[in-house]
Number of protein chains: 2
Amino acid sequence: MKLNLVLAESALELVPSELRNDPSVVSDAKRRGVDASRILLDRSFHHRAMLRLKDGLKRGRPDLVHVALLSITGTPLYSEGGVKVYVHTYTNEVLELLEKTRIPKSYFRFRGLVEQALTERPRNGLLRVSESSFERLVKDVGSDSVIGLSTQGRKTSMDELSAMIGAARKPCVAIGGFAQGHFSPKSLEAMDELVRIHDKSLEAHVVAARVLYEVEKHST
Amino acid sequence: MKLNLVLAESALELVPSELRNDPSVVSDAKRRGVDASRILLDRSFHHRAMLRLKDGLKRGRPDLVHVALLSITGTPLYSEGGVKVYVHTYTNEVLELLEKTRIPKSYFRFRGLVEQALTERPRNGLLRVSESSFERLVKDVGSDSVIGLSTQGRKTSMDELSAMIGAARKPCVAIGGFAQGHFSPKSLEAMDELVRIHDKSLEAHVVAARVLYEVEKHST
């Protein structure tokens, strides 16, 4: 059994065209010596510009995606090839981690890797980039059981979740790759189950670490 | 029961004086507009300079410490006050996280916070900095059971480890805050137990996530 893990609607994208002339973006691009069209949208630097962005609170958190990917790729399950990882983004791009890709722990290197991948396409040895909605992605993956994790879901114990995953032929688990908000209605429609594993909202990296640890325990 | 968690001998320090004139350090400091004495040693930028540093492979990984702290502070156990966190460094400084301190997920903000704490001392509202060896720290904490996690330790199941932690009055768990190498002999001497929880070497953030998750499960 190989688990498909999707960070869904992730807050990872290049600065959208309508913000490229904003002072905070211009000065960031200048400081880095890169064109504004080639840098990641990042709330830490572009907060002011993002105030006028649609769904601004759900976007521009590459740091969060980075930490979530580290928590996934640091697990024995991942290094043994037991997890296939996709980062689906708010703007409907998909970054597929190629077999056993190691994500740089340095944020600077991670940022460079993702900026290159999103700018140059379609793949750079570590990541393969394509355009796809979440619905399309899970269809392409061919999963027979798409399980979304959300505070809006049905309360489920970790044992029960592991059993659900273990019972599927080709399970797919979706974790929100954003800091605020919920899955979109369209993404929700593509899920077979929506469960929550804790009373409180947990960060994506914490959820990923726990799910993979449980799957690992149940698969040995 | 409150768990004391120490990231021990962590690869976190300001650029040591003997490297401050190295070209890689000078250019990094210049680019950032900060004096070289006030920036964190970071292998991503100072790799060349670090080649001639004693124990260079064990030092200069603030990125690793950052991710480990996120994996700790993102847990419900931490936000409910069930974990006290100390970062003991290679150079025998201790950063104590004050009650429920939230660590910035942005690496830039984290770096700024730590650089300020290490430069300006003794505390900045989130961190309290002091000088102490690991041995001294665990003595000050007053722990009756200091458990080190290391691939050099005795193989132990997570259930057994949780039971050991649960049996102590004031447990202290030490995880190496470095990417390569092992605990120093002096640190080892200060530990009551040395255990390993996996056949392979796991990154600090993965170890921390798993230990806290198990403690959390056993404490509810």
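From the alpha carbon centroid of the range A:22-90 to that of the range B:91-156 is 28 Å. Label-to-label distances for B:GLY82 across copies, nearest first, come out at 2.4 nm, using points 7 Å from Cα in the beta-carbon direction. Annotation: Cα Rg of the protein assembly as shown relative to the compact-globule expectation 2.2 N^0.38 Å equals 0.97. Distances, shortest first, from the label point of B:GLU189 to those at the same position in the other copies read 6.8 nm; the point lies 7 Å along Cα to C-beta. Among the trypsin sites (Lys or Arg not before Pro) within the range A:15-110, those in coil by DSSP and having at most 15 neighbouring Cβ atoms inside 10 Å are A:ARG52, A:LYS54, A:LYS100, A:ARG102. Take every DSSP beta bridge whose two residues both sit in the range A:1-159; close to 60 percent of them are antiparallel.
Taking max minus min of the alpha-carbon positions on each principal axis, the range B:111-220 gives extents of 42, 32, 25 Å, largest first. Kindly express, to the nearest 10 degrees and within the range 0 to 90, the angle between helix A:204-218's C-alpha long axis and the longest C-alpha principal axis of chain A. So the inclination is approximately 30 degrees. As an exercise, identify the trypsin sites (Lys or Arg not before Pro) in the range B:145-220 lying in DSSP coil whose Cβ has no more than 16 other Cβ atoms within 10 Å. Loop-located and lightly packed - B:ARG169, B:LYS200. Between rounded, prolate and oblate, where does the range A:1-87 land on the alpha carbon gyration tensor, with a ≥ b ≥ c its root eigenvalues, rounded for a/c under 1.5, else prolate if a/b exceeds b/c? The shape class here is prolate. Under the simplified labelling scheme, the A:ARG32-A:ASP199 pair shows an inter-label distance of 4.1 nm, with each label point 7 Å from Cα along Cα→Cβ. Rounded to the nearest 20 debye, the dipole magnitude of chain A is 540 debye, with +1 charges on Lys and Arg beta carbons, -1 on Asp and Glu beta carbons, and the Cα centre as origin.
Based on Cα contacts under 8 Å between residues 6+ apart, chain B shows a relative contact order of 28 percent.
Plainly put, the tip 7 Å out from Cα toward Cβ on B:GLY142 is 6.2 nm from that tip on each other copy, the closest given first. Straight Cα distances below 25 angstrom link B:LYS200 to the lysines A:LYS2, A:LYS84, A:LYS100, A:LYS105, A:LYS217, B:LYS58, B:LYS155, B:LYS186, B:LYS217, with same-chain residues fewer than 8 positions distant left out. Over the C-alpha trace of the range A:144-191, radius of gyration and Dmax come out as 11.2, 32 angstrom.
Just flag the GluC sites (Glu not before Pro) in the range A:52-122 sitting in loop per DSSP whose Cβ has no more than 16 other Cβ atoms within 10 Å. Intermediate results must be reported in sequence, preceding the final value.
Working: sites: A:GLU80, A:GLU93, A:GLU96, A:GLU99, A:GLU115, A:GLU120; in loops: A:GLU80, A:GLU99.
Here the sparse-neighbourhood loop sites are A:GLU80, A:GLU99.
Please grab the % of Cα pairs in chain A that end up more than 31 Å from each other. Let's see the in-between values first.
Numbers: 4358 of 24090 pairs.
For chain A, the fraction of Cα-Cα distances above 31 Å is 18 percent.
Structural descriptor for the range A:1-91: relative contact order 50 percent, calculated from alpha carbon pairs under 8 angstrom and at least 6 residues apart. The 3J(HN,Hα) values that the Karplus relation (6.51, -1.76, 1.60; θ = phi - 60°) gives for the range B:27-36 are, in residue order, 6, 5, 5, 5, 4, 8, x, 10, 5, 4 Hz. Gly and Pro appear as x.
No lab work stands behind these numbers, since they all come straight from the coordinates. Everything quoted here is computed from the prediction, not taken from an experiment. Every residue, glycine as well, gets a Cβ built from its backbone with ideal geometry; the counts of neighbours run over all protein chains shown.
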